[in-house]
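Notes to accompany the following structure.
Quick note: the coordinates plus some simple rules give every number you see, no bench work behind them. What you see is a predicted model, and the numbers here were worked out from it, not measured in a lab. Cβ placement follows ideal geometry from the backbone for every residue including glycine, while neighbour counts extend to all protein chains displayed.
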Amino acid sequence: MGRSGAGAGSRASRGWSRSARRVAAVLAFGVAAVLAFGVAAGCARGADHAGPVAPDPEVRAQIMINAGNQAFHAGDYRLAARRYAAAAVIRRDDPVAYFGLGMALTRLGRDEDARAAYARARELAQQQREQRR
């Protein structure tokens with residue numbers, strides 16, 4: 001039973017497609033993972049640590065991408081998806097994070113979500129190419 005007529009129009013009027021809402025949900029999960037990781041890291045350091053909690057966002061995002069790559073190559077696609085999503089939350093303009101997320105979601109059988117992540121990666125890569133011109 002396909003959606004058409006009023007149902008399709010109301011969905012479009014909300015401004016978010018179903019796949020975009022799914023990617024947003026994955027990213028929200030990534031935010032929670034990043035926050036939990038930050039709290040755990042802060043607690044492990046002890047109260048006398050006076051340095052910054054984490055390096056700048058570009059470095060943090062790359063750390064998450066590297067962790068996603070390690071998890072992906074180890075076959076832990078769920079963990080890889082969480083790490084790539086965390087990187088995408090930290091740097092929303094990083095096509096590599098969205099591409100990795102798409103790869104992990106594909107391996108998890110979440111093809112619709114993966115297509116949305118790939119589309120976002122493609123869009124961001126195109127924007128970066130245009131900015132370099």
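So for R115, R83, R132, fewest C-beta neighbours within 10 Å to most, what's the order?
Details: R115 16, R83 29, R132 6.
Exposure proxy ranking, most exposed first: R132, R115, R83.
Can you check what the net charge comes to around A71, using other residues whose Cβ is under 15 Å from the Cβ of A71 (Lys, Arg +1; Asp, Glu -1)? Don't skip to the answer; put the middle values down first.
Details: positive: R78, R82, R83, R107; negative: D76.
Here the charged neighbours net out to +3.
Rounded to the nearest 0.05, what FRET efficiency do R129 and L108 have when you use their Cβ-Cβ distance and R0 = 35 Å?
0.75
Just grab the label-to-label distance for R122 and N69, each label 7 Å out from Cα along the Cβ direction, in nm (one decimal).
2.4
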